[in-house]
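These notes concern the structure reproduced below.
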Amino acid sequence: IIEQRAHKLTYRRRTGWTMDFSTIRSIFLFCFLSLTNVIAFQQISHFSSPLIPSRLSKNHLISQLRSTTVEGEKEQKESSQVEETSENVICARGICVVADEDLVPELCTFDDDTNEITCKPNTEADVVRPGFTFSYLWPRALLLICSVLYGTNFPLGRLMNDALPASAATSTRLALASIALSPFLLQLKPNLRSTAALCGTFTALGYISQSIALVDTPAATVSFLGALVVIVCPALAVIVDKKKMGFVDAPQTWIAAITCLIGVGVLELGGDGGFGAIGWGDFWSILQAVGFGTSFFITERMMAKEPTQALPITAMQCGMSALFAGIWAGLDGIGFMDGFFSFGQNNGSSWLLDETLQSSYTIPGIFFDDALRNVAFAAAFTGFVTTAANRVGETLALGKLSSSEASVLLATEPLWAALFANFLIGERLDLWDGFGGALIVIACVATAIEPVWLREKLKLEYNDE
């Protein structure tokens, strides 16, 4: 497998851009998925009430309650519930959970007027002092383990794509994750269902693009390029929330974005290949960041308003991702449009129409095929552990930490991806890859820097009016 992969990567680096059927197919799918999500994004901007609460949406909701409720006292009660302040939360990388107000050094809430998550020091907290104590170490260790496990997704995705069609590998993984999280799906509040489903389409875009990228792109490179979410999320804040994002307003965002772009440039253009080394796998990796970044943007706002719904929202995201991955696998498996949707192993073959392949590539047959035992383990591990159980672990640990500390711990994911890619599938980073990847990780960490502290150090005058 490693020799085949080395041949693929050598071919990719040597040929660069080629206008063959595979290239035309990638162009079409890239444009199609981008257009689909642009349309979905327009729905976000149009129907802001369930996603980004505004004064207009609140008044509209209150008027609806008053017009449909018979008892006057009940109307006032429901209206006042709509106006209540959100619970205190801790947010990091698109996840918000209820804060443990006795421990965390800061408390965050969603500001309805500015459509932003604002934080303030928690002066009444009994903050755990740093040291080798269980109360201090366990949430940090758990969140770091979650980051480590997320890093294994990329090399294991490569392994699965070498043995299975990319669509079959992705649909199997997401189906298992959806089964594991299905009990939480029943707890999703009705008013969040449509927005969570919309968010799931962007999550699906991230998973599908990631899987296609892993067919012929190094796992570490896909992981590093996926960190471009540090640019996607602030860009959405400007487009959707009309948020001020000048250098004085958010210096940490600008530093992170510039550092990230430099890192991507070094990663992609460093070495002898230059522009000729850029392939479609790199574009799919960037589209992965667009999908996940948009998903983080929407999810954080939903969870900030409803922090107790973190796991039900995640269950809906996984369910939608499994649905889209299943549709992809179905079209690929029947050879629709002469294999137009086929990537990876058995490219172009109608594997769903072959009884032997169908049994081996789908659930539950994959778990009974001795030749695919390691692949079945990888699918179960990425489905049950790194996708489902990891989110539960994040939810448990996040409420005990500050947002900045949690963000730094989760920012180490690309480093673990590079390490496991070397250990599991023999990928090696050259000097340029390592330097570019390090800059991207630094950019992820930079997003956690307090803007007030940066303004003081850079002597920037700031007017918050």
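The values are calculated or read from the model by the stated rules, or taken from the named source; none is laboratory data. Quantities reported herein were computed from a predicted structural model and do not represent experimental measurements. Cβ sites come from the backbone with ideal geometry, for glycine too, and all protein chains shown count toward neighbours. All accessible areas refer to the heavy atoms of the entire protein, side chains included, with ligands and DNA or RNA removed. Shrake-Rupley method; radii C 1.70, N 1.55, O 1.52, S 1.80 Å.
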Can you find even one residue in the stretch 357-378 that is crowded, with 18+ Cβ neighbours inside 10 Å, of a type in the set (Gly, Ala, Ser), at pLDDT 90 or above and over 22 Å from Ala227 (Cα atoms)? yes
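Report the residue count in the stretch 118-133 for those that are touching a strand residue (DSSP E or B) at 6+ places or on another chain (Cβ under 9 Å) and open to solvent by 50 Å² or more (accessible area, probe 1.4 Å).
4
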Say whether the condition of being in contact with a Phe, Trp or Tyr (Cβ under 6 Å, 6 or more places away or on another chain), open to solvent by 30 Å² or more (accessible area, probe 1.4 Å) and not hydrophobic (A, V, I, L, M, F, W, C) is met by at least one residue in the stretch 269-278. yes
Inside the stretch 240-249, can you point out the residues that are among the hydrophobic types (A, V, I, L, M, F, W, C) and modelled with pLDDT under 85? Val240, Met245
Would you pick out the residues in the stretch 425-465 that are closer than 21 Å to Cys233 by Cα and part of a loop (DSSP other than H, G, I, E, B)? Thr447, Ala448, Ile449, Glu450
Condition test on Asp126, is it part of a loop (DSSP other than H, G, I, E, B) and over 24 Å from Arg93 (Cβ atoms)? yes
With the structure loaded, tell me whether Thr308 is open to solvent by 40 Å² or more (accessible area, probe 1.4 Å), of a type in the set (S, T, N, Q) and farther than 26 Å from Asp216 by Cβ or whether it fails that test. yes
So if I check each of Arg391, Arg373, which one is among the basic types (Lys, Arg) and more than 29 Å from Asp100 (Cα to Cα)? Arg373
Which fully enclosed helices (runs of 4 or more DSSP H) of the stretch 187-261 have 3 or more residues being open to solvent by 20 Å² or more (accessible area, probe 1.4 Å) and within 17 Å of Val290 (Cβ to Cβ)? 193-213, 229-241
Answer with yes or no whether Ser295 is crowded, with 24+ Cβ neighbours inside 10 Å and under 20 Å from Ala168 (Cα atoms). no
I'd like to check something: does the stretch 157-174 contain any residue that is free of Cβ contacts under 8 Å to residues at least 24 places away in the same chain, over 14 Å from the mean Cα position of the chain (by Cα) and surrounded by fewer than 24 Cβ atoms within 10 Å (Cβ to Cβ)? no
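Test of understanding: among Leu261, Leu236, Leu287, Leu269, which residue is free of Cβ contacts under 8 Å to residues at least 60 places away in the same chain and either more than 14 Å from Ile440 (Cα to Cα) or among the hydroxyl-bearing types (Ser, Thr, Tyr) (or both)?
The conditions single out Leu269.
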Being farther than 20 Å from Ala322 by Cα, in contact with a strand residue (DSSP E or B) (Cβ under 9 Å, 6 or more places away or on another chain) and touching a residue at least 40 places away in the same chain (Cβ under 8 Å) is the requirement here; does Cys108 meet it? yes
